[in-house]
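**Q** Pasting a structure below so you can have a look.
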Amino acid sequence: MSEDKNEKPTAAPRTTYKVFRGISTRWMDNDAYGHVNNVVYYSWFDTAVNAYLIEQGVLDIEHGQTIGLVIETQCNYFSSLAFPQTVEAGIRVARLGASSVRYEVGLFAQGQAFSAAKGHFVHVYVDRHTRRPMPLPANLKTVLETLL
């Protein structure tokens, strides 16, 4: 999904992503123009990735020693999504560092072959209390490697 900065971004096929999560749109997601507002897409990125990590047992949002802080995010839009629709969020890991991860997410209208939007965000994993970067815990790294 990473593209040359000189190339125009294009919609991604489903095969680009390793794992999918269904997300229901809500009435409040639509804006005055009759489609989902752009800021909602970023919340779907967070929902897809963090729900997956919680389900895999590698993210404890209340008591975990390590937490991920977003340091970069970006999204390209190709076609509209609107309420009522189910969105299918595809996720993968594009880069895995010592303490950081670049997640890439494609948002698809249910059953569609190409993404309505795609983007990325980078988490730096830090100590919950000091907020200083720390190495990815082994169990988290193992799960993330399956998404590469």
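**Q** Can you work out which of the residues in region 47-75 that are surrounded by 15 or more Cβ atoms within 10 Å (Cβ to Cβ) and more than 18 Å from S99 (Cα to Cα) is farthest from the chain's Cα centre (by Cα)?
**A** Q56
**Q** Turning to a different aspect of this structure: Within region 87-101, can one find any residue that is touching a Phe, Trp or Tyr at 6+ places or on another chain (Cβ under 8 Å) and surrounded by fewer than 17 Cβ atoms within 10 Å (Cβ to Cβ)?
**A** Scanning region 87-101 turns up at least one residue that is touching a Phe, Trp or Tyr at 6+ places or on another chain (Cβ under 8 Å) and surrounded by fewer than 17 Cβ atoms within 10 Å (Cβ to Cβ).
**Q** Also: Quick check on region 72-91. Is at least one of its residues small (G, A, S) and without any contact (Cβ under 8 Å) to a residue 60 or more places away in the chain?
**A** yes
Per-residue answers, yes or no, for (1) under 21 Å from V143 (Cβ atoms); (2) touching a helix residue (DSSP H, G or I) at 6+ places or on another chain (Cβ under 7 Å):
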| site | (1), (2) |
| --- | --- |
| V19 | yes, yes |
| I23 | yes, yes |
| D31 | no, no |
| G34 | no, no |
| D46 | yes, no |
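**Q** Might you let me know whether region 25-38 holds any residue that is at pLDDT 95 or above, under 29 Å from T130 (Cβ atoms) and acidic (D, E)?
**A** no
**Q** So how many residues does region 124-133 have that are touching a residue at least 60 places away in the same chain (Cβ under 8 Å) and under 11 Å from G97 (Cα atoms)?
**A** Of the residues in that region, 0 qualify.
The values are calculated or read from the model by the stated rules, or taken from the named source; none is laboratory data. The structure displayed is predicted, hence computed values, not measured ones. Cβ sites come from the backbone with ideal geometry, for glycine too, and all protein chains shown count toward neighbours.
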